[in-house]
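Encoded as structure tokens, the structure appears first; notes follow it.
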Amino acid sequence: MKNNNPEKTFTAQILPSHSTMLSSLEVQSPARAARIAVSALFFSAGFCFSSWASRIPAIQQKLQLNEAELGITLLALPVGLMLSLPVSGFVVARYGSRQTAIIACLLYAVLLPFLGIVSIVWQLSAILFLFGFAGNLLNISMNTQGVNVEDRYGRSIMASFHGVWSLAGFSGAAIGILMLYFSVSPFIHFCLVTALIWTIVLLVYQYLPEKDTRGGGSVPLFAKPDHTLLKLGLIAFCCMVCEGTMFDWSSIYFVKEVQAPPSLTTLGYAAFMTTMAGGRFGGDRLAEKLGRKNLIRISGLLIATGLMLAVALPYIVFATIGFLITGMGVSTVVPMVYSAAGRSGKVASGVALATVSTIGYLGFLFGPPAVGLIAQAFSLRWSFTLIALLGLGTTLLAGIAKIGK
């Protein structure tokens, strides 16, 4: 009888000897090789973005931008990201996620050094626009690749891919600090990152799944969300509002509301990022035990509980615990939603992912500014209370959404 278990089916072909990255791990099945290759894409994406983020202050100083000017200039990146969302789904569905992911990853990396040599603001804006566009093209295509590998395994593994992205974010930030310590210019730093990512892609590209398992269906430029995709998109929206708020406002909350000493103002952010990354590595196992729907329900409750703890008791210990809990809640929602969207069946997986991502990223982009407006009118505690309610909305929407077991 044919053995279809990807973990136990041995490939009949010997991996090329030059691919030391995979052969050293003694990959025994095509599915395992594909999983490592897709993980490499997620690592490259996270490492590339965090490398850029780590040098923003240096580039701000070089161009002599004040905070307002920098903020306006940085908007070019999310504008490029948002405009690429429908295009990304179309390109992935038409040309396949494998080819798109390879090209997008190489382009994403090669744009990085140009960010290090810009000399005037319009150049930075233009490159950031392209950087955001390429980054999201990579995001949609590599998540589609993740759905392909998940289908081979027959179980949830999407959260682990996002965990690798988070780990790469930590690594990129740490390398950035090291480059600052040794006074390495952003251009040289970014060139080294580009060389690393190109090397990774050249090592793993041949092991990426060639055909998209969920590539059937129509290929519109943008899929009008049906009830299934709309509910999944709204879940992503609620979660990504919370995630964006924590990225932009957690440290400020510790300054304004917790009144933490200067040395501890980033403690809340660090707590959130730690449990978010850790939760993603354990999320797949929990999804298998609890089911994706139940996991998202619990995640929403954790988000609401963590934020309300920080609001009710704005002291260092309790706020830190609250942000730890919030990170646990945020960690697995988006990977589970992306996994469910990739199995839509009514449209190609790339188009479905782009549609859900569009709705979700609206929360990520516009949630933090809304928090600022509410905080200006009332206080940050009121803002975080509203975000906690949106986190609870994740739980309520999960009860009526088609997510799967």
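The values are calculated or read from the model by the stated rules, or taken from the named source; none is laboratory data. Remember, it's a predicted structure, so these values are computed and weren't measured experimentally. A quick note on method: Cβ atoms are made from the backbone with ideal geometry, for glycine too, and the neighbour counts reach across all protein chains shown.
Here are the numbers for the structure shown:
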read-out: Selection within the stretch 167-216 - farther than 18 Å from SER44 by Cβ and not in a helix (DSSP H, G or I); value: PHE182, SER183, VAL184, SER185, GLU210, LYS211, ASP212, THR213, ARG214, GLY215, GLY216
read-out: Residue identified as out of contact with any Gly (no Cβ under 9 Å at 6 or more places or on another chain), without any contact (Cβ under 8 Å) to a residue 60 or more places away in the chain and either of a type outside the set (Asp, Glu) or surrounded by fewer than 19 Cβ atoms within 10 Å (Cβ to Cβ) (or both) among LEU138, LEU128, LEU107, LEU112; value: LEU107
read-out: Test: SER339 is outside any helix (DSSP H, G or I) and polar (S, T, N, Q); value: no
read-out: Flag if LEU41 is under 20 Å from the mean Cα position of the chain (by Cα), farther than 24 Å from VAL334 by Cα and crowded, with 17+ Cβ neighbours inside 10 Å; value: no
read-out: Filter result (more than 18 Å from TRP165 (Cβ to Cβ) and modelled with pLDDT of 85 or more) within the stretch 45-72; value: ARG55, ALA58, ILE59, GLN60, GLN61, LYS62, LEU63, GLN64
read-out: Filter pass, THR245 being assigned to a helix (DSSP H, G or I), modelled with pLDDT of 90 or more and closer than 27 Å to GLN60 by Cβ; value: no
read-out: Restricting the stretch 303-323 to residues that are in contact with a Gly (Cβ under 7 Å, 6 or more places away or on another chain) and surrounded by fewer than 23 Cβ atoms within 10 Å (Cβ to Cβ), the residue that is nearest to TYR253 (Cα to Cα); value: THR320
read-out: Odd one out for THR355, checked against (1) among the β-branched types (Val, Ile, Thr); (2) out of contact with any strand residue (DSSP E or B) (no Cβ under 8 Å at 6 or more places or on another chain); (3) assigned to a helix (DSSP H, G or I); value: (2)
read-out: Pair list, Cβ under 7 Å, 6 or more apart: the stretch 31-43 residue within 14 Å of ASP151 (Cβ to Cβ), other residue of a type in the set (Gly, Ala, Ser) and in a helix (DSSP H, G or I); value: VAL38/GLY146
read-out: Residue check for ARG98: surrounded by fewer than 19 Cβ atoms within 10 Å (Cβ to Cβ) and either closer than 27 Å to VAL201 by Cβ or in contact (Cβ under 8 Å) with a residue 40 or more places away in the chain (or both); value: no
read-out: Helices (runs of 4 or more DSSP H) wholly inside the stretch 60-139 that include at least 3 residues being more than 21 Å from TRP198 (Cβ to Cβ) and within 19 Å of the chain's Cα centre (by Cα); value: 76-95
read-out: Single condition LEU75 does not satisfy, out of (1) free of Cβ contacts under 8 Å to residues at least 40 places away in the same chain; (2) hydrophobic (A, V, I, L, M, F, W, C); (3) closer than 19 Å to SER166 by Cβ; value: (3)
read-out: Selection from the stretch 56-95 of residues that are buried (at least 17 other Cβ atoms within 10 Å of the Cβ), over 28 Å from GLY372 (Cα atoms) and of a type in the set (Ser, Thr, Tyr); value: SER88
read-out: Filter result (crowded, with 24+ Cβ neighbours inside 10 Å and within 12 Å of the chain's Cα centre (by Cα)) within the stretch 141-162; value: MET142, ASN143, MET158, ALA159, PHE161, HIS162
